[in-house]
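For reference, the structure is listed below as structure tokens.
The values are calculated or read from the model by the stated rules, or taken from the named source; none is laboratory data. Predicted model, so just to flag it, every value in this text is computed and none were measured. FYI the Cβ positions are ideal-geometry reconstructions off the backbone, even for glycines, and counts take in every protein chain you see.
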Amino acid sequence: MVRPHRAFLYECWNAPEQRAARPGAGQTVGRVRGGSQPAPSRRNLVFKLGWQVFRTRFDDAIDRGRFRRAAWISAAAATLVLIGLVVLQVVFRWAGDTAVRPTLAVVLVAGAAGLLVFACFPKATSPDPAATINGRPVRPDERLAAREPVQPYFSARPRPVESVDREAVLTDVPLVQRALIRRMTRFGPLTLGVALLGVTALIVGGWHFVSTASTIMYVFALPGMVRLLGRTERARLAALAAPPPPEDAAAPRASRRRDPLGSKIRLPGE
């Protein structure tokens, strides 16, 4: 079942292609839904769609109990670091003699410590059933979860889903989304903590601006993950809109593995 707000986003995304196929496509159309709202850009649409998927599927990928436990432990660690830094500042004046700069440095370092501790704790849910190979659990990854015929549908430019790939897209997209949400909850606090440490070093005077910018630039990878999450949902909506393959259609052949890494043993049917 397609949610109404996601269907509207998918409709807005494909609106340029639909207008191009109609007569008078050269005319500029600046509003959708009867002119009540301005037509949003594609980057904003896919980001908004990805954020909605993140909030909707958060409980499927992240264990709330583990999340709260990690939050409490990271808050306790940040508090201990804050107390220790205040004592060190009073005794050694490591952040300077002014009032503003030491306060900012202490708060930023304590916040960075809490975020780094939070990133180190496992928060993902256990897959049911557990994915194993020879009895050993397999860590899910977005590139391993999506098969090679499905990955082109996650590109920046939308493309219609073929009927033969419809079931594969509907099967792989939830796995990719769950892996992306897990990576965002782990990679997000880690990059934010490192960025806070870089800003603290710049405030105290230990680093140059270029070194600080190199630590902050990793934060900009987070919006890219949200957009990728939106592109996976866009592919799922396109697969739902695609007609099912005919019953007499031949099953798609398994594509050859192009990656030279990994096992070279062929499984039955490959």
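Of everything in the range 152-161 that's modelled with pLDDT of 85 or more and surrounded by 15 or more Cβ atoms within 10 Å (Cβ to Cβ), which residue is nearest to the chain's Cα centre (by Cα)?
My answer is PHE154.
Of all helices (runs of 4 or more DSSP H) completely enclosed by the range 41-99, which ones contain at least 3 residues that are out of contact with any Ser or Thr (no Cβ under 8 Å at 6 or more places or on another chain) and surrounded by 13 or more Cβ atoms within 10 Å (Cβ to Cβ)?
Ranges flagged: 42-56, 64-92.
Do we find a residue being surrounded by 13 or more Cβ atoms within 10 Å (Cβ to Cβ), more than 30 Å from ASP63 (Cα to Cα) and either modelled with pLDDT of 90 or more or among the acidic types (Asp, Glu) (or both) anywhere in the range 230-241? Break it down into steps so the answer makes sense when it comes.
Restricting attention to the range 230-241, the residues satisfying the condition of being surrounded by 13 or more Cβ atoms within 10 Å (Cβ to Cβ) are 230-241.
Restricting the remaining residues to those that are more than 30 Å from ASP63 (Cα to Cα) gives 241.
Next, only the ones that are either modelled with pLDDT of 90 or more or among the acidic types (Asp, Glu) (or both) stay: 241.
Yes; the residues of the range 230-241 include at least one that is surrounded by 13 or more Cβ atoms within 10 Å (Cβ to Cβ), more than 30 Å from ASP63 (Cα to Cα) and either modelled with pLDDT of 90 or more or among the acidic types (Asp, Glu) (or both).
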